[in-house]
């Protein structure tokens, strides 16, 4: 998702600050994007990125963070602690402080259908639900900022979908009537929201807008 969104932002001549954890993620020419290292497992890395960001002009924050846990019901407690520490606790610190110190016009959280319908990866569903709820709560605190939870259906060319067993992928396609979203479609939706919101005044009045795009099914 990050790659598709970045390409569209650059095409529209936005100044883009992107984050990476591994050099392998840096497939966009450096002169077109300001890459900053961010390791969500490390509080020092989070603090350094926040310090950098608060000294930049930031109009929009897009949160695309999320990863399947790959853990089952018998997961070790240490594994659960690491996953939730990263995708709930540390992500909360990152987003809360970025918004407070950067004061953007718009914050968009890429949520998930797992928030509404659950997931076979229950820990992923829990983490996504936590960030979804955090976004709604932050909207009550920062009424001068527009907040949006974008809830896409499953994306058929995403890393997450392609990592699923073939039978699971076929089942999702069947339940979606063969109309699963593509990465570029979701990225285009994000760009439309960015373009409209940057030019408008905050209108949330403490309310986060939940927007659904693409097929939704139990």
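Below, the figures for the structure above:
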| quantity | calculated |
| --- | --- |
| Hits in region 140-156 (condition: within 14 Å of residue 214 (Cα to Cα) and part of a loop (DSSP other than H, G, I, E, B)) | 153, 154, 156 |
| Which listed residue, of 168, 186, 194, is in contact with a strand residue (DSSP E or B) (Cβ under 7 Å, 6 or more places away or on another chain) and closer than 22 Å to residue 119 by Cβ | 186 |
| Filter result (modelled with pLDDT under 85 and in a helix (DSSP H, G or I)) within region 168-212 | 195, 196, 197, 198 |
| Hey, residue 71 part of a helix (DSSP H, G or I), more than 27 Å from residue 145 (Cβ to Cβ) and free of Cβ contacts under 8 Å to residues at least 60 places away in the same chain or not | no |
| Every residue from region 80-118 that is surrounded by fewer than 19 Cβ atoms within 10 Å (Cβ to Cβ) and more than 27 Å from residue 191 (Cβ to Cβ) | 80, 81, 82, 84, 85, 86, 88, 89, 93, 118 |
| Residue in region 99-114 that is within 18 Å of the chain's Cα centre (by Cα), modelled with pLDDT under 95 and in a helix (DSSP H, G or I) present | yes |
| Some residue of region 132-146 being closer than 26 Å to residue 11 by Cα, touching a residue at least 60 places away in the same chain (Cβ under 8 Å) and surrounded by 19 or more Cβ atoms within 10 Å (Cβ to Cβ) | yes |
| Condition met for residue 34 (free of Cβ contacts under 8 Å to residues at least 24 places away in the same chain and in contact with a strand residue (DSSP E or B) (Cβ under 6 Å, 6 or more places away or on another chain)) | yes |
| Only one of 128, 196 that is in contact (Cβ under 8 Å) with a residue 24 or more places away in the chain and farther than 13 Å from residue 107 by Cβ | 128 |
| Residue satisfying all of: in region 48-78; over 19 Å from the mean Cα position of the chain (by Cα) and under 16 Å from residue 91 (Cα atoms); surrounded by the fewest Cβ atoms within 10 Å (Cβ to Cβ) among these | 51 |
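The values are calculated or read from the model by the stated rules, or taken from the named source; none is laboratory data. None of these values were measured; they are calculated from a predicted model. All Cβ positions, even for glycine, are placed from backbone atoms using ideal geometry, and neighbour counts span all protein chains on display.
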